[in-house]
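Only one structure is covered here, and it is reproduced in the block below.
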């Protein structure tokens, strides 16, 4: 079972997912992109004993966390593939790309951003269901 060690970050995770969905509906892809990154970051920090600040470490920690979640719901692996992610690290890397888009360091076509946001949110929403079982 995955233990949430820092409930404040779980609350932040849920808020970021909700905000992402709202921004996506408003077609505010820049804010939605940052909220998705905030969700991944908060999720990692909800599970971690200490604050994880490094982007590279957040991606690694997400991958570790996802492997633990797979033990509770093996359908998550199929969900990643269904939404165009090869594995948890690929998922985290695409979300990092959304963060870079928010920062103005990357420019992607609007349709790519929209579909990546939608796919990412679907995965994060399912992760949330497994976490709060």
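The values are calculated or read from the model by the stated rules, or taken from the named source; none is laboratory data. Predicted model, so just to flag it, every value in this text is computed and none were measured. Heads up, the Cβs are rebuilt from the backbone with ideal geometry, glycines too, and the neighbour counts pull from every protein chain shown.
For residue 15, are the conditions met, namely being surrounded by 14 or more Cβ atoms within 10 Å (Cβ to Cβ), out of contact with any helix residue (DSSP H, G or I) (no Cβ under 6 Å at 6 or more places or on another chain) and within 22 Å of residue 101 (Cα to Cα)?
Numbers: surrounded by 14 or more Cβ atoms within 10 Å (Cβ to Cβ): yes; out of contact with any helix residue (DSSP H, G or I) (no Cβ under 6 Å at 6 or more places or on another chain): yes; within 22 Å of residue 101 (Cα to Cα): yes.
Considered against the rule, which asks whether it is surrounded by 14 or more Cβ atoms within 10 Å (Cβ to Cβ), out of contact with any helix residue (DSSP H, G or I) (no Cβ under 6 Å at 6 or more places or on another chain) and within 22 Å of residue 101 (Cα to Cα), residue 15 comes out as yes.
So that you can scan it fast, the table gives a plain yes or no per residue for (1) touching a helix residue (DSSP H, G or I) at 6+ places or on another chain (Cβ under 7 Å); (2) on the phi > 0 side of the Ramachandran plot; (3) without any contact (Cβ under 8 Å) to a residue 60 or more places away in the chain; (4) loosely packed, with under 14 Cβ neighbours inside 10 Å:
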{"position": "75", "(1), (2), (3), (4)": "no, no, yes, yes"}
{"position": "86", "(1), (2), (3), (4)": "no, no, yes, yes"}
{"position": "103", "(1), (2), (3), (4)": "no, no, yes, yes"}
{"position": "108", "(1), (2), (3), (4)": "yes, no, yes, no"}
{"position": "115", "(1), (2), (3), (4)": "no, no, yes, yes"}
{"position": "120", "(1), (2), (3), (4)": "yes, no, no, no"}
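Residues in the stretch 23-35: is at least one over 12 Å from the mean Cα position of the chain (by Cα) and at positive phi? Talk me through it step by step, then tell me what you get.
Taking the stretch 23-35 as the starting set, the residues that turn out to be over 12 Å from the mean Cα position of the chain (by Cα) are 23-31.
Of the ones still in play, those that are also at positive phi are 27.
Yes: one or more hits.
Scan the stretch 49-57 and give yes if some residue there is crowded, with 16+ Cβ neighbours inside 10 Å and over 17 Å from residue 13 (Cα atoms), otherwise no.
Checked against the condition, which is being crowded, with 16+ Cβ neighbours inside 10 Å and over 17 Å from residue 13 (Cα atoms), the stretch 49-57 yields no hits at all.
Is the stretch 61-70 home to any residue that is assigned to a helix (DSSP H, G or I) and either over 25 Å from residue 3 (Cα atoms) or without any contact (Cβ under 8 Å) to a residue 12 or more places away in the chain (or both)?
Yes, the stretch 61-70 contains a residue that is assigned to a helix (DSSP H, G or I) and either over 25 Å from residue 3 (Cα atoms) or without any contact (Cβ under 8 Å) to a residue 12 or more places away in the chain (or both).
Do we have residue 41 as in a helix (DSSP H, G or I), at pLDDT 95 or above and surrounded by 22 or more Cβ atoms within 10 Å (Cβ to Cβ) here?
Criteria met by residue 41.
Between 27, 35, which is out of contact with any strand residue (DSSP E or B) (no Cβ under 7 Å at 6 or more places or on another chain), under 25 Å from residue 105 (Cα atoms) and either modelled with pLDDT under 95 or part of a loop (DSSP other than H, G, I, E, B) (or both)? Quick ask: steps written out before the conclusion?
Working: 35 fails: either modelled with pLDDT under 95 or part of a loop (DSSP other than H, G, I, E, B) (or both).
Selected residue: 27, the only one of 27, 35 that is out of contact with any strand residue (DSSP E or B) (no Cβ under 7 Å at 6 or more places or on another chain), under 25 Å from residue 105 (Cα atoms) and either modelled with pLDDT under 95 or part of a loop (DSSP other than H, G, I, E, B) (or both).
Determine whether residue 80 is more than 17 Å from residue 32 (Cβ to Cβ) and either more than 13 Å from the chain's Cα centre (by Cα) or part of a helix (DSSP H, G or I) (or both).
yes
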